[in-house]
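The values are calculated or read from the model by the stated rules, or taken from the named source; none is laboratory data. Predicted, not measured: the structure shown is a model, and the values here were computed from it. Every residue, glycine among them, receives a Cβ derived from its backbone with ideal geometry; neighbour counts consider all protein chains shown.
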Ligand code: NAI
Ligand code: SOE
């Protein structure tokens, strides 16, 4: 069986998750890892049992055995690294966001189309089995015409002024944080489920903690460290902790997203509710194998993930029978199974045909984020320029 050889750039929080998920496919070999320097590359490659370690990702791109590369570094690196991957003729899976703004993403999309490589933006959260089921129920008309789409993505890992990460710095993570870093997961998910695009936004962004204590030593995502006065410096924060975004959708639905990274007790609470002219669907990522069905004139229901009663195009993403929980880590195996099946069949890249998010998805998402920033600055509704 031909194994597809893959290289990873960045072996931090998400790098580990990608390595494990890729290996679960069975026909993919994680051949190489690149990190900021040779020492760290060897340390992480050892930890992840990856045979080749590179202290410079450009050397990884010279490895002719490697067909596909995953870009898993801080956001500021995504555009240039993905561009170099495409120019080297490599297929690319880039973590979100695909670039720092929609100018970069449109240039990258154009180049990827010219080179004909397979390109994917890793929006894994749309791959929860019941999120796919919700999509099939909407497509099947079971919800009726969609009236409202609303929800949250709430976290607390940045709750304290001593919590620090590169995402807090606009120069590394991008001008928007709460909306771009986590809000985009929600936006991708509800557009995927509803089949409707965001066409206009009205946004209010807040930085509740204007000055934070930056550790002098870089910390990996979600790492908490007790600091002594000499271990950090005070830094003025130029990205938002919170975003409330009113939304208008292409099919006439209205909506609201509340994204915030400083909500005590909320770890990674992503949820949505879709109110249609027939019934309501509500789903919460912290209880991903249950979905609430709201009815008028009869008892409400609870859909427990069960591939035996799910729509075929949703059931195929449920790897375990009814009641056996599936979660965040499984969504990566599911998105990679779609991407690598396409690669394995050697099919020509076609954004309309593929069933996974692409650089086009990434460009559309950054177009929304750019509109959110403009709306916050002007205090007006802003139409999204796709
Ligand atoms: P992290 O800080 O834990 O890891 C980033 C890694 O990249 C570090 O090991 C760092 O040394 C390495 N790196 C930095 N510059 C590099 C370079 N020039 N060459 C090679 N390696 C380099 O960050 P984390 O949390 O893993 O985030 C990485 C990306 O993944 C971000 O874009 C984030 O938005 C995305 N992400 C997506 C998630 C999802 O659910 N889809 C979850 C978490 C992160
Ligand atoms: C940090 O907010 C983070 O790691 C995001 O970057 C991810 O995209 C999200 O899945 C989990 O939280």
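Inside the range 128-162, can you point out the residues that are within 12 Å of ligand 2 (Cβ to nearest atom), more than 14 Å from residue 186 (Cβ to Cβ) and surrounded by 21 or more Cβ atoms within 10 Å (Cβ to Cβ)? Residue satisfying the conditions is 158 alone. Screening the range 13-55 for residues that are in a loop (DSSP other than H, G, I, E, B), touching a helix residue (DSSP H, G or I) at 6+ places or on another chain (Cβ under 8 Å) and under 19 Å from residue 80 (Cβ atoms) and picking the one that is nearest to ligand 2 (Cβ to nearest atom) gives 35. Just one of the numbered conditions (1) over 18 Å from the mean Cα position of the chain (by Cα); (2) within 16 Å of ligand 1 (Cβ to nearest atom); (3) within 30 Å of residue 139 (Cβ to Cβ) is not true of residue 200: (2). Just one of the listed residues (270, 182) is part of a strand (DSSP E or B) and within 16 Å of ligand 1 (Cβ to nearest atom), namely 270. Does residue 70 satisfy being in contact with a strand residue (DSSP E or B) (Cβ under 7 Å, 6 or more places away or on another chain) and near ligand 1 (Cβ under 9 Å from one of its atoms)? So residue 70 fails the test.
Tell me, which residue of the range 221-236 that is more than 15 Å from ligand 2 (Cβ to nearest atom) and touching a helix residue (DSSP H, G or I) at 6+ places or on another chain (Cβ under 9 Å) is farthest from residue 177 (Cα to Cα)? Only one residue fits best here, namely 225.
Looking across the range 163-176 at every residue that is assigned to a loop (DSSP other than H, G, I, E, B) and under 16 Å from residue 369 (Cβ atoms), the one that is farthest from ligand 2 (Cβ to nearest atom) is identified as 175. On the given criteria, is residue 303 surrounded by 12 or more Cβ atoms within 10 Å (Cβ to Cβ) and either at pLDDT below 95 or part of a helix (DSSP H, G or I) (or both)? The answer is no for residue 303.
Residue check: residue 356 meets all listed conditions (1) farther than 26 Å from residue 239 by Cβ; (2) in contact (Cβ under 8 Å) with a residue 40 or more places away in the chain; (3) not in a loop (DSSP other than H, G, I, E, B) but one, namely (3). Filtering the range 332-339 for residues that are in a loop (DSSP other than H, G, I, E, B) and in contact (Cβ under 8 Å) with a residue 12 or more places away in the chain leaves an empty set. Identify all residues within the range 114-140 that are farther than 23 Å from residue 72 by Cβ and free of Cβ contacts under 8 Å to residues at least 60 places away in the same chain; write none if there are none. 114, 139, listed by residue number.
Could you tell me whether residue 65 is away from ligand 2 (no atom under 16 Å from the Cβ), at pLDDT 95 or above and surrounded by fewer than 22 Cβ atoms within 10 Å (Cβ to Cβ)? So residue 65 passes the test. Among the residues of the range 177-197, are any more than 19 Å from the chain's Cα centre (by Cα), within 16 Å of ligand 2 (Cβ to nearest atom), over 23 Å from residue 379 (Cβ atoms) and in contact (Cβ under 8 Å) with a residue 24 or more places away in the chain? Among the residues of the range 177-197, not one is more than 19 Å from the chain's Cα centre (by Cα), within 16 Å of ligand 2 (Cβ to nearest atom), over 23 Å from residue 379 (Cβ atoms) and in contact (Cβ under 8 Å) with a residue 24 or more places away in the chain, which makes the answer no. Would you confirm, using the coordinates I've provided, whether residue 173 is within 16 Å of ligand 1 (Cβ to nearest atom) and at pLDDT 95 or above? Against the criterion (within 16 Å of ligand 1 (Cβ to nearest atom) and at pLDDT 95 or above), residue 173 qualifies.
Scanning for something closer than 19 Å to residue 198 by Cα and away from ligand 1 (no atom under 16 Å from the Cβ), does the range 79-96 turn up at least one residue? So far as the range 79-96 goes, no, none of its residues is closer than 19 Å to residue 198 by Cα and away from ligand 1 (no atom under 16 Å from the Cβ).
Residue check, residue 76 against (1) away from ligand 2 (no atom under 16 Å from the Cβ); (2) at pLDDT 95 or above, all met but one. Which one? Tallying (1) away from ligand 2 (no atom under 16 Å from the Cβ); (2) at pLDDT 95 or above, residue 76 fails exactly one: (1). When the range 75-127 is limited to residues that are under 13 Å from the mean Cα position of the chain (by Cα) and in a strand (DSSP E or B), the one that is surrounded by the fewest Cβ atoms within 10 Å (Cβ to Cβ) turns out to be 93.
Here's the yes/no breakdown for (1) in contact (Cβ under 8 Å) with a residue 40 or more places away in the chain; (2) under 30 Å from residue 159 (Cβ atoms); (3) within 21 Å of the chain's Cα centre (by Cα):
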position	(1), (2), (3)
280	yes, no, no
283	yes, yes, yes
292	no, yes, no
329	yes, yes, yes
